[in-house]
Structures are given as C-alpha cells and as structure tokens.
Amino acid sequence: MPPDDLAYALGPTAAAAPATYRVTKEIPFCYGHRLLDYAGKCRHLHGHNGRAVVTLEAAGLDALGMVVDFSDVKRVIGAWIEEHLDHRMLLHRDDPVIPELTRLGEPFVTLDVNPTAENIARLIYQQGESHGLPVVEVTLWETPTSFATYRPG
Ligand SMILES: [Zn+2]
C-alpha cells in the first residue's frame, strides 16, 4: 500500500457526482482559400498554417475512464482533414478560379458558403458529429493570433 499522500480515491465518490468531462485534440493542417465579395487581403488566393481544435464532451466516462480516446479523434477527424482539407484550396462553389484549377489538375474543395475560418470550423464539426463523436465545439486557428469557433445552439 502506498502512503496516504500517494493514494488517491477518485472511484465511487467522483463517479457518483454529476460532472462533465471535456477533452480537446489539436489537429494542424495547411489550407489555401480566398473569400468572394470581400475587399481585404483574403480576396486573393493565399494559404494558412491552420490548426483545428476539436472539443468533445461527456457526462460520464467509458470503461477505460475516457470521454473519447485521443487516438480515435485523430483517426476519425484527423484523417478526414488530412484527406479532404490538408494542402487543398477551399473555395466558394461560385469562385471563378475553379475552371482554371480544374484545367490544371489542382486539388480544391468547394463550400456553398465563403471558406472563412468560421465556416471551416463548422465543416469540421459536422464531420465529427456525422462520425458519432460527441463533439461540442470546433475552433479553427487561421493564424497565430486569429481563430473562430463553431458551437451549435
Ligand atoms: Zn485567409
């Protein structure tokens, strides 16, 4: 038996109390975009070293003591981002550059809305939700000083 100050009892007491557990996984990726009908610098094609911050929540823990295994978040949402968003241009579906990118064989993804950090965060949220993960919030860091968060409700 360890001495009392090295033995912590989190079991029955903590588990019986109402609580919310929250885990967060960061997923870095690179993307390009531009915004339509926008007067600032983001109207031109350019890229970002972005970072998705995915937060998941549960009122209780699974048998392993987890909300969700971090590796499952990476396997599901991380893999989707890598396959669909990483190193691609994210464009409004009406962007006039699309025929040219198509002609050049350049990869791109279209959204029915402007590809702002807010909308990209929402897109990532929807992917996590559609895969059955208890996602409650996605933040997209577009630059080291600017981020947008999507949370339903
Ligand atoms: Zn931008």
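All of the numbers you see were taken from the coordinates with simple rules; none came from a lab. Note that the coordinates shown come from a computational prediction; the quantities given were computed from them, not determined experimentally. When we count neighbours, we look across all protein chains shown, and the Cβ atoms used for this are built from the backbone with ideal geometry, even at glycine.
What the table shows:
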read-out: Summed side-chain charge close to residue 78 - residues other than residue 78 whose Cβ falls under 14 Å, Lys, Arg +1, Asp, Glu -1; value: -2
read-out: Per-residue Cβ neighbour rank within 10 angstrom, fewest leading, 83, 26; value: 83, 26
read-out: Order of 66, 89 - criterion: other Cβ atoms within 10 Å of each residue's Cβ, fewest first; value: 66, 89
read-out: Bridge type composition, the stretch 19-150 - antiparallel percent by DSSP, nearest 5; value: 75 percent
read-out: Bins of 10 Å from zero: percent of alpha-carbon pairs in the stretch 19-150; value: 12, 42, 29, 13, 4, 0
read-out: Cα long-axis angle, helix 117-130 against the chain (0 to 90 degrees, to the nearest 10); value: 50 degrees
read-out: Residue-count net charge about residue 104 - beta-carbon cut-off 15 Å; Lys, Arg +1, Asp, Glu -1; value: -1
